[in-house]
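K.L.:
The structure under discussion is supplied below as structure tokens; questions concerning it will follow.
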Amino acid sequence: MKVYVVDTSAIIDGIVSKMIESGELEEAKILIHKAVLAELEYQANYGKDIGFFGLEELKKLKEISKKNNKILVQFVGERPKEFEIKYAKSGEIDAMIRDEAIKDGATLITLDKVDSEAAKASGIDVLFVETKQFIQKELKIEKFFDSKTMSVHLKEEVTPFAKRGVPGNWTFEKIRDTPLTRDEIKEMAKEITAEAKMLVAPSFIEIERPGSSIIQLRNYRIIILKPPLSDGWEITAVRPIKKLSINEYDLPKELMKRFEEKADGIIIAGPPGVGKSTFAQAIGEFFYKKGKIVKTVESPRDLQMPDEVTQISKSLATPDEIRDILLLTRPDYSIFDEMRSTSDFAIYSDLRLAGVGMVGVLHATTPIDAIQRFVGRVELGMIPSIIDTVIFIEAGKIGKVFELRMIVKVPSGMTESDLARPLIEIKDFFTNEAEYEMYTYGEQTVVVPVSKKMKNVEAEIKNELRLNVSVKVENGVATVYASDKDIKKIIGKGGKRIRHLEQKLGIPIEVIAI
């Protein structure tokens with residue numbers, strides 16, 4: 001019998017059992033160092049899937065050895081100390097496994113290139129396995145997709161569903177009559193994670209936590225949830241239906257000219273699933289083909305960009321690291337996909353102020369909401385220096401384009417000349433008409449609809465409240481006159497209703513009893 005020692009990477013990826021099943025290992029004594037078992041236990045105790053997958057592979061190897069007398073599986077060595085397990089990434093565990101290979105004159109089986117080279121340097125025979133030879137042609141989850149499927153939604157004890165169609169025009173359809181079992185979901189999760197662990201581009205585990213994993217597997221973005229975080233095992237897999245170029249959007253010439261000459265602080269906004277990332281992708285390719293250096297910041301990295309465009313993981317780098325990378329590599333444009341947290345907005349603002357062209361993608365119900373998400377995160381007067389173009393996507397198409405500029409004037413609705421102040425004018429790009437003004441009023445930052453929109457505020461407030469009230473709009477403030485019994489209804493519990501109305505209309509509202 002030829003003697004082999006396997007390291008942790010070979011166990012986690014299930015390579016040894018695959019080699020036995022494929023006939024590559026027909027008669028072998030397989031030694032598994034107790035350090036491997038200890039490391040897998042450590043990973044499993046912290047809720048890492050790789051720990052559980054590795055332990056399952058060990059059980060599978062023991063079962064194979066019981067059925068096949070030509071395959072002998074044996075545990076060897078001493079269990080490592082706690083500090084050796086803790087510093088496994090520094091090579092402590094791999095060193096123990098290599099020592100065992102030298103002691104027994106065994107061949108080391110590994111998927112780890114560094115471990116392979118270190119073993120060769122120590123005079124150990126090495127069987128380095130190229131992971132790509134074990135990549136499956138089709139995963140179980142891929143069978144739920146057809147050419148029109150945008151995403152599949154799988155949960156244990158629930159009938160699987162899929163979204164079919166295109167952004168803005170899709171249907172939610174049942175794709176199997178019988179519910180999925182927990183074992184089916186777990187097997188798919190194991191298969192997906194094992195494939196992503198092989199790190200064959202463009203597949204990788206983006207985020208792995210005790211209760212969830214976010215994985216980019218080729219062109220699939222996959223989210224796995226498991227108890228106790230969720231009430232059952234769940235897998236959501238999303239796939240882009242179509243990759244569009246900027247020319248396929250049939251954009252007006254003046255907007256294309258703006259992209260070429262003036263737009264350096266672009267925000268792409270819209271509700272979830274309307275095609276924001278698809279448009280960001282198209283803009284990124286447009287800039288690249290114009291000879292610009294383009295990089296992306298994503299989480300997960302699922303934009304389909306040319307190989308020359310470097311895609312950086314937001315989840316695997318600190319905000320400072322992302323700033324350093326983008327400033328030192330000097331891209332002309334950076335695409336920041338899925339801006340959510342305050343640190344995301346800070347990175348976007350810092351890089352824009354440093355002269356890097358930025359394209360940010362964020363969720364917003366209306367175009368003005370996208371701009372308001374910067375309020376409170378950066379100084380109001382800096383917003384026009386950070387954002388110059390807001391593009392709102394609806395059903396995969398451009399619905400609205402705003403441009404911003406800072407001016408000094410008396411806000412619309414006010415009449416006194418001494419009320420002039422710096423304000424941000426938000427104009428419709430195509431009509432050149434101002435639609436909103438953003439300025440400070442007392443201690444508040446307000447966004448006020450201007451011109452003809454202001455005339456409709458009184459009617460909108462009355463229509464929204466549906467009470468016997470009178471409304472007067474003056475100096476950018478709406479005053480509602482109502483009876484004592486109606487005031488509580490207007491304000492709502494904890495002021496929730498009046499705040500909602502202020503946000504909806506973009507104007508401060510005062511309520512006065514009559």
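The values are calculated or read from the model by the stated rules, or taken from the named source; none is laboratory data. As the structure is a prediction and not an experimental result, all values here were calculated from the model. Cβ coordinates were reconstructed from backbone atoms using ideal geometry, including for glycine residues, and neighbour counts include every protein chain displayed.
K.L.:
Listed residues Ile215, Ile207; which is in a strand (DSSP E or B) and touching a helix residue (DSSP H, G or I) at 6+ places or on another chain (Cβ under 6 Å)?
P.N.:
Of the residues listed, the single one that is in a strand (DSSP E or B) and touching a helix residue (DSSP H, G or I) at 6+ places or on another chain (Cβ under 6 Å) is Ile215.
K.L.:
So which residues in the stretch 82-106 are surrounded by 12 or more Cβ atoms within 10 Å (Cβ to Cβ) and assigned to a loop (DSSP other than H, G, I, E, B), if there are any at all?
P.N.:
Tyr87, Gly91, Ala106
K.L.:
Give me the residue from the stretch 240-266 that is more than 30 Å from Ala189 (Cβ to Cβ) and basic (Lys, Arg) and, out of that set, farthest from the chain's Cα centre (by Cα).
P.N.:
Among those residues, the one meeting the criterion is Lys253.
K.L.:
Answer with yes or no whether Lys290 is surrounded by fewer than 20 Cβ atoms within 10 Å (Cβ to Cβ) and in the same structural domain as Asp350 (by TED's automatic domain parsing).
P.N.:
yes
K.L.:
Given the criteria closer than 27 Å to Glu195 by Cβ, among the aromatic types (Phe, Trp, Tyr) and in contact with a strand residue (DSSP E or B) (Cβ under 6 Å, 6 or more places away or on another chain), does Tyr46 qualify?
P.N.:
When the stated conditions are applied, Tyr46 does not pass them.
K.L.:
Please work out if Thr342 is at pLDDT 90 or above and touching a helix residue (DSSP H, G or I) at 6+ places or on another chain (Cβ under 9 Å).
P.N.:
Judged against the criteria, Thr342 is not a match.
K.L.:
Something else now. Evaluate the following for Ser116: is it of a type in the set (Ser, Thr, Tyr) and surrounded by fewer than 18 Cβ atoms within 10 Å (Cβ to Cβ)?
P.N.:
no
K.L.:
Only residues that are farther than 13 Å from Ile185 by Cα and either of a type in the set (D, E, K, R) or within 15 Å of the chain's Cα centre (by Cα) (or both): list them for the stretch 223-239, please.
P.N.:
First, pick out the residues of the stretch 223-239 that are farther than 13 Å from Ile185 by Cα: 228-231, 238-239.
Passing the criteria: Asp231, Val238, Arg239.
K.L.:
Still on this structure, I have one more. Please give the number of the condition Asp344 fails out of (1) closer than 28 Å to Ser203 by Cβ; (2) surrounded by fewer than 20 Cβ atoms within 10 Å (Cβ to Cβ); (3) out of contact with any Lys or Arg (no Cβ under 6 Å at 6 or more places or on another chain).
P.N.:
In the conditions (1) closer than 28 Å to Ser203 by Cβ; (2) surrounded by fewer than 20 Cβ atoms within 10 Å (Cβ to Cβ); (3) out of contact with any Lys or Arg (no Cβ under 6 Å at 6 or more places or on another chain), Asp344 misses (2) alone.
K.L.:
Here is a follow-up. Answer yes or no: is there a residue in the stretch 287-305 that is of a type outside the set (Phe, Trp, Tyr) and in a helix (DSSP H, G or I). Show your work before the answer.
P.N.:
First, pick out the residues of the stretch 287-305 that are of a type outside the set (Phe, Trp, Tyr): 289-305.
Subset that is in a helix (DSSP H, G or I): 289.
Within the stretch 287-305 (the criterion being of a type outside the set (Phe, Trp, Tyr) and in a helix (DSSP H, G or I)), the answer is yes, since at least one residue qualifies.
K.L.:
Another question about this same structure. What are the residues in the stretch 339-373 that are closer than 15 Å to Lys504 by Cβ and either among the hydroxyl-bearing types (Ser, Thr, Tyr) or assigned to a loop (DSSP other than H, G, I, E, B) (or both), if any?
P.N.:
Ala364, Thr365, Thr366
K.L.:
Which pairs do you get when a residue that is assigned by TED's automatic domain parsing to the domain that holds Asp104 and within 24 Å of Ala196 (Cα to Cα), found in the stretch 2-30, comes within reach of a residue that is basic (Lys, Arg) and assigned to a loop (DSSP other than H, G, I, E, B), reach meaning Cβ atoms under 9 angstrom, with the pair 6+ apart or on two chains?
P.N.:
Final answer for the pair search is none.
K.L.:
From the list Ile109, Ile64, which one is of a type in the set (Val, Ile, Thr), part of a helix (DSSP H, G or I) and closer than 20 Å to Val129 by Cβ?
P.N.:
Just one listed residue meets the conditions, Ile64.
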